[in-house]
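The values are calculated or read from the model by the stated rules, or taken from the named source; none is laboratory data. If you're wondering where the values come from, they're calculated on a predicted model, not measured in any experiment. Cβ atoms come from the backbone with ideal geometry, glycine included; neighbour counts cover every protein chain shown. Please note that ligands, DNA and RNA were not included when accessible areas were found on the heavy atoms of the full protein model with its side chains. Shrake-Rupley method; radii C 1.70, N 1.55, O 1.52, S 1.80 Å.
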Amino acid sequence: GGGAIAACCGAAGAARGAMAARSTDGKKGFEAHEPTLTEEIGKLDGVRVEMLALVDDDARAYETVSVAYGLPRGDEEEKDVRRAAIQEALGVALGPPLRACRAAVAGLEVLESLRHHVNPSLASDVAVAAYALGAAARAGWVNVLVNLSGLKDSSQAEGVREEGVKLLKRAAELESAVGSAIEADLA
């Protein structure tokens, strides 16, 4: 599903950021940055691993939704079972893309710091990483929204919606701050 694509984008962004840090770490002239680079590599590797796990989690959740919608609906009892299964599946299915949004923001926060520590010749890689993580947040969010649209539990939906709006705002701020700063430096 689309949540898996969001997570793939996030994994690629985190990997690109970690590559820029690894390519700087241990290089002459960047010795003072080594402790920070090591920490940032670890955080970005964590985001990458989480995003890759979310690819599979989203695929499983999508399958659950598909199965629920395919349940029989001949009589009222079957319709009730089907409706309950759909609601449960939608609640589960919004989880992986929402977690992708969270992980994207975590990765973007690392990149905000990383841009000050990498070799300037690798700055474009940090910008690309930020754009990929920003795309992951946006793509994850639209997949949360599609599941929310069918969810009948308004209290659960409202809590997710509030969190998502905050995550998207933060992701946009970070993506812009990192990407714009790097573009300005390169111009």
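Observations on the structure shown:
- Of the whole protein surface, Leu145 contributes about 60 Å² of accessible area at a 1.4 Å probe radius.
- D (Stokes-Einstein, µm²/s), Kirkwood Cα radius, the stretch 79-187, 1.567 mPa s at 4 °C: 86
- Relative to the globular-protein estimate of 2.2 N^0.38 Å, the Cα radius of gyration of the chain stands at 1.21.
- Structure-based [θ]222 nm, the chain - -39500 (n - 2.57) summed over DSSP H runs of at least 4, per residue, nearest 500: -29500 deg cm²/dmol
- Across the stretch 113-176, Cα-Cα pairs farther apart than 20 Å form 41% of the total.
- Couplings 3J(HN,Hα) for the stretch 51-58, derived from phi with the Karplus relation 6.51 cos²θ - 1.76 cosθ + 1.60 (θ = phi - 60°), are 4, 5, 5, 5, 4, 5, 4, 5 Hz, where x marks Gly and Pro.
- When all alpha carbon pairs of the stretch 1-85 are counted in 10 Å bins from zero, the resulting P(r) reads 18, 27, 19, 15, 10, 7, 3, 0 %.
- Cα-based reach from Lys43 at 24 Å (exclusive), listing lysines while leaving out same-chain residues under 8 positions away: Lys27, Lys28, Lys166, Lys169
- Between Asp153 and Ser66, the simple spin-label model (points 7 angstrom out along Cα→Cβ) gives 2.5 nm.
- The residue list Leu148, Val92, Ala53 was ranked by how far each Cα lies along the charge dipole of the stretch 45-157 toward its positive end, using unit charges on Cβ atoms, and Leu148 comes out on top.
- Accessible-area value, Ser121, 1.4 Å probe, nucleic acids and ligands omitted, Å²: 90
- Alpha carbon centroid spacing (whole Å) that separates the stretch 160-181 from the stretch 53-132: 16
- Accessible area of Glu158 (1.4 Å probe, protein heavy atoms only, ligands and nucleic acids ignored): about 90 Å².
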